[in-house]
Amino acid sequence: ASRTDTALMGAILGVVALGLVLRPLKPFLLASHPVTLEFLTGDLTAIGAAAAFARIGEAPLWLVVVAGAAGMVKFDWLTWWTGRQWGAGIIKMFTTSERAQRFAGRAAELNPKILRATVVLAVMPGVPTAVIYAMAGWARMRLATFLLLDLAGALLMTGLIAGVGYGLGQHAVDLVLLVDRFASVVSLTLISVAAVIPLVKRRIRRNN
């Protein structure tokens, strides 16, 4: 592996580690610092919660949208880079779907307008986001172009979710505060499940 490969893999592992660290903290931050949480995770639930708090005057709505979009895109350049660096190899790691792999394999042949539209819409539910971003890198889309398109898609999704949260207002805030009340139980449950799953898998393998 080259130094670039090593640096890229280290960065990816760092992002994964950050996600694992933040997971048990989400229930706490959701009610106390939702804007911070949406920036750290880009989580749609956090965006909706922050928008609900904005409705009751706890935060400006523009900050909710900006922080949410930034949180969604801040590490996407790494996925673009994996596609540029490793091409088809990383696509196969991101998905086992033959259809997705075939589509990604035609990345260099796609009309640039279609590829750009695909990047913008990659944040939509059900779309293999990582595959699309890696495909953009594999197709040699310029990083600046990718980042602008990625941000456009993130703003679109963030605006939609923030609009829903803002519309629900106090009702959504009450639900978030209810989650906060049981935050300790939720966090401990998540940690316990994460610890037990590997043990269960090992036992199943031994029995087989």
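The values are calculated or read from the model by the stated rules, or taken from the named source; none is laboratory data. Just so it is clear, the model here is predicted, and its values are computed rather than measured. Here the Cβ is made from the backbone with ideal geometry for all residues, glycine too, and neighbour counts use every protein chain on show. To get the accessible areas, we keep the full protein, side chains included, count just its heavy atoms, and leave off ligands, DNA and RNA. Shrake-Rupley method; radii C 1.70, N 1.55, O 1.52, S 1.80 Å.
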Exercise for the section: Within the stretch 26-37, work out how many residues are in contact (Cβ under 8 Å) with a residue 40 or more places away in the chain and either polar (S, T, N, Q) or surrounded by fewer than 16 Cβ atoms within 10 Å (Cβ to Cβ) (or both). Expected result: 1
Exercise for the section: Would you mind telling me which numbered condition in (1) within 25 Å of Gly153 (Cα to Cα); (2) surrounded by 15 or more Cβ atoms within 10 Å (Cβ to Cβ) Leu18 fails? Expected result: (2)
Practice task
Please indicate, with yes or no, whether at least one residue in the stretch 69-78 is under 16 Å from the mean Cα position of the chain (by Cα), closer than 19 Å to Trp138 by Cβ and open to solvent by 30 Å² or more (accessible area, probe 1.4 Å).
Solution key: yes
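Looking only at the stretch 1-15, count how many residues are hydroxyl-bearing (Ser, Thr, Tyr) and open to solvent by less than 60 Å² (accessible area, probe 1.4 Å).
So in the stretch 1-15, the residues hydroxyl-bearing (Ser, Thr, Tyr) come out as 2, 4, 6.
Checking the rest, the ones that are also open to solvent by less than 60 Å² (accessible area, probe 1.4 Å) come to 2, 4.
The total comes to 2.
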